[in-house]
Amino acid sequence: MDDTSQNTLAVDPVLDTLNSSGYLDEDTCRAILEEKERSGKETRDIIVDGNYLSEDEMLSALAANNGCEAKSLSGVDIPREILSTIQGTTARMYGVVPIEATPTSVTLATYTLLSPIMSDELRFVIGKEEVSFVLARKSEVLDCISRYYGGTDSAVDNYVSLADFETTSTSFSEDMDEKELENAASSAPVVRFVQLVLLQAVQARASDIHFEPFEKEFRIRYRVDGALYEMTPPPKSLATPVISRIKVMAGLNIAERRLPQDGRIQLPVNGRQIDLRVSCLPTQFGESVVLRVLDRSVVSLDLENLGMPEDVYNNIGEDISKPNGIIVVTGPTGSGKTTTLYSCLRRINKEGTKILTAEEPVEYDIDGLVQVPINPLQGNTFPLVLRAFLRQDPDVIMVGEIRDLETAQIAVQASLTGHLVFSTLHTNDAAGAVTRLIDMDVAPYLIASTLNAVIGQRLLRKCCRNCKTAYDPTDDTLKRLGLTREQTGGQPFYFGAGCDQCNKSGYKGRKGLYEYLRVTDPIRIMITERKPTLTIREKARELGMRTMREDGIRNILDGTTTVDEVLRYT
């Protein structure tokens, strides 16, 4: 195997082990890697589900290579004194269960290879001199965790009731020096508390976790399906050590509390690899930290799985296959623009295509893409990176966001010299992207000659299927939507009554609204003539574009979402 192949497989220790041990050849490993990239599934699940190896064969190979043994947990009865060596939150987070223990050692059963960092962290959290591992079937490990440590509810009930918080938190203060901060951040109660917060966030499918210190309280909030939910506040004295713990995990400077910092955390939660993007912001009462949860098992990066209307899906499939031009995705923060861009790049990511991306920051690592993180503090700006890109012989360029004239001009130049360029803009709708580029002082004739398409999008919440309730809309409701009763065809509207499955919100999950402005010759003429946004939008509608409001009404009529959601986002 050549060095390039070895480097490719080295990013996945399971495949690297199975390949070097002779169980899987290079072509098979590459096929599994491609499937992992496409689906977001775990390597071991792809191997077993695809019948490449049986689970027992895979475990035996991994165990032999890592100097441990493979063990069956079927019918094993674990005594309570052994179970008490680790807490339920630790078992659930790392996917481990203790099967043997002495006063100084413990043996943990796991179903996957743990990185050296995770192994060291487990040793610290458990507090044993020696921690060893055996490999077991995934179903057996998860069954033991569920049977002996209970479901997720018990973790939520114990959210701030860990007994050692009350005694430990009193020793924390806001003016600790660097050494005291390190000790506080590494204390077992703080480590377990942060584990619990992250575990609950991933289980709730949160997109963001907010840690917010105020004068008299420390708030923790999760954003689920676009809405913020506050958890029971922990003691205020935990704010500094908890935030320091997160900074340690992200490799940030814990002594620096006056300047914003950005970092990244990668860790397994419930057996899944989760990426967390960390942003620290100094405030009046301490540092506010927001974690963006990037969970590939939740977010699909396949274009066909984004829920686009058929006409939009077909149009975008054609336009991203063109050799040059600019495709822009517009919408506010959190509207799914990056997911749409990644899905487009995944579709055209072939062996014969060179794709470069400039992102602030890189959200998902995708095999085959050359991804460059933008860092203005280090002088690594969008214009600087884009100029370098043009000397790297790319076919496709993705710019995280067009923010200024210089970036826009380089994107136009790249398009004119035979490159396909993807980017985002913050505008209210697709037609507004044209006006925004003109406002940046990009020449209208250049926009007209390079812009292929603009995708406007929003993410709105879907009605909870469990408590979805039908009703007949009033005349006032129809008037607000610009509909007549005849246009509804007698279809009922729906709302979520609220239930345990949706946390009484009536909503569960989200769906995209899309409008696709294809830049055809009539639109190009209007751009050159500097026509206003409204005029361009109406012409695009004449040519077949469906606005986001119209796409929202379609989703109301098929029972996907509510009137309030559509009116709120369109």
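The values are calculated or read from the model by the stated rules, or taken from the named source; none is laboratory data. What you are looking at is a predicted structure, and each value in this text was computed from that prediction instead of being measured. Here Cβ is always computed from backbone atoms with ideal geometry, including for glycine, and neighbour counts include all displayed protein chains. SASA here: full protein model, heavy atoms, side chains in, ligands and nucleic acids out. Shrake-Rupley method; radii C 1.70, N 1.55, O 1.52, S 1.80 Å.
Residues whose amide H lies under 5 Å from that of GLY506, counting only those 5 or more places away or on a different chain, are GLY498, CYS499; hydrogens are built 1.01 Å from N in the peptide plane.
Just to confirm my numbers, what's the Cα centroid distance between the range 330-385 and the range 394-415 in Å? Between the Cα centre of the range 330-385 and that of the range 394-415, the gap is 12 Å. Taking every protein chain into account, the accessible area of the range 25-128 amounts to 47 square angstrom per residue (probe 1.4 Å). Over 32 Å apart at the Cα level, from the set LYS322/LYS468; LYS36/LYS462; LYS36/LYS539, are LYS322/LYS468; LYS36/LYS539. Which percent of the accessible area of the chain is formed by carbon and sulfur heavy atoms (probe 1.4 angstrom)? Of the solvent-accessible surface of the chain, carbon and sulfur hold 46 percent. Subtracting the Cα-Cα distance of THR528 and THR232 from their residue separation scaled by 0.36 nm leaves 101.0 nm.
Charge tally around ARG546: other residues with Cβ under 10 Å, Lys/Arg +1 each, Asp/Glu -1 each, net -1. Each residue of the range 28-36 was assigned a 3J(HN,Hα) from its phi angle through the Karplus curve 6.51 cos²θ - 1.76 cosθ + 1.60 (θ = phi - 60°); the sequence is 5, 4, 5, 4, 5, 4, 5, 5, 4 Hz, with glycine and proline shown as x. Taken about its Cα centre, the range 310-422 carries a charge dipole of roughly 220 debye when the Cβ of each Lys and Arg holds +1 and the Cβ of each Asp and Glu holds -1.
Rounded to the nearest 20 debye, the dipole magnitude of the chain is 1780 debye, with +1 charges on Lys and Arg beta carbons, -1 on Asp and Glu beta carbons, and the Cα centre as origin.
For PHE124 and ALA31, the difference between the fully extended length at 0.36 nm per residue and the C-alpha to C-alpha distance is 29.7 nm. In a fully extended conformation the segment linking ASN324 and ASP441 would gain 39.9 nm over its present Cα-Cα distance, using 0.36 nm per residue. On the beta carbon distance between ASP558 and SER54, with R0 = 41 Å, the FRET formula returns roughly 0.45. For the range 71-81, putting each phi into the Karplus relation 6.51 cos²θ - 1.76 cosθ + 1.60 with θ = phi - 60° gives couplings of 9, 8, 9, 5, x, 6, 10, 9, x, 4, 5 Hz, in residue order, rounded to whole numbers and with x for Gly and Pro. Charged neighbours of LEU369, selected by a Cβ distance under 14 Å, balance to -3 (K, R count +1; D, E count -1). A crude spin-label estimate for the pair GLN378 and ARG258, with each label 7 Å from Cα along the Cβ direction, gives 2.4 nm.
Here the label points at TYR313 and GLU217, each 7 Å from Cα along the C-beta direction, are separated by 4.5 nm in the simple model.
Accessible surface for the range 326-464, divided over its residues, is 37 Å² per residue with a 1.4 Å probe. The distance from the alpha carbon centre of the range 249-264 to that of the range 78-121 is 30 Å, rounded to a whole number. Ordering THR533, THR560, LEU543 by Cα displacement along the dipole of the range 516-570 toward the positive end leaves THR533 in first place; charges were set at the Cβ atoms of Lys, Arg (+1) and Asp, Glu (-1). Neighbours of GLY489 by Cβ distance under 14 Å: Lys/Arg scored +1, Asp/Glu scored -1, total -1. Once both labels are positioned 7 Å from their Cα atoms along Cα-to-Cβ, the gap between ASP472 and ASN428 label points is 3.5 nm. Taking the chain, the Cys residues with no second Cys beta-carbon under 4.7 angstrom are CYS29, CYS68, CYS144, CYS280, CYS344, CYS463. Only one residue of VAL141, PRO189, ALA453 has its Cα farthest out toward the positive end of the dipole of the chain, where Lys and Arg carry +1 and Asp and Glu -1 on Cβ, and that residue is ALA453. Ellipticity at 222 nm from helices only: DSSP H runs of n ≥ 4 in the chain, each -39500 (n - 2.57), divided by the residue count, give -11500 deg cm²/dmol.
Here the Karplus curve 6.51 cos²θ - 1.76 cosθ + 1.60, taken at θ = phi - 60°, turns the phi angles of the range 130-142 into couplings of 10, 10, 10, 10, 10, 9, 9, 4, 4, 5, 6, 5, 5 Hz, with x standing for Gly and Pro.
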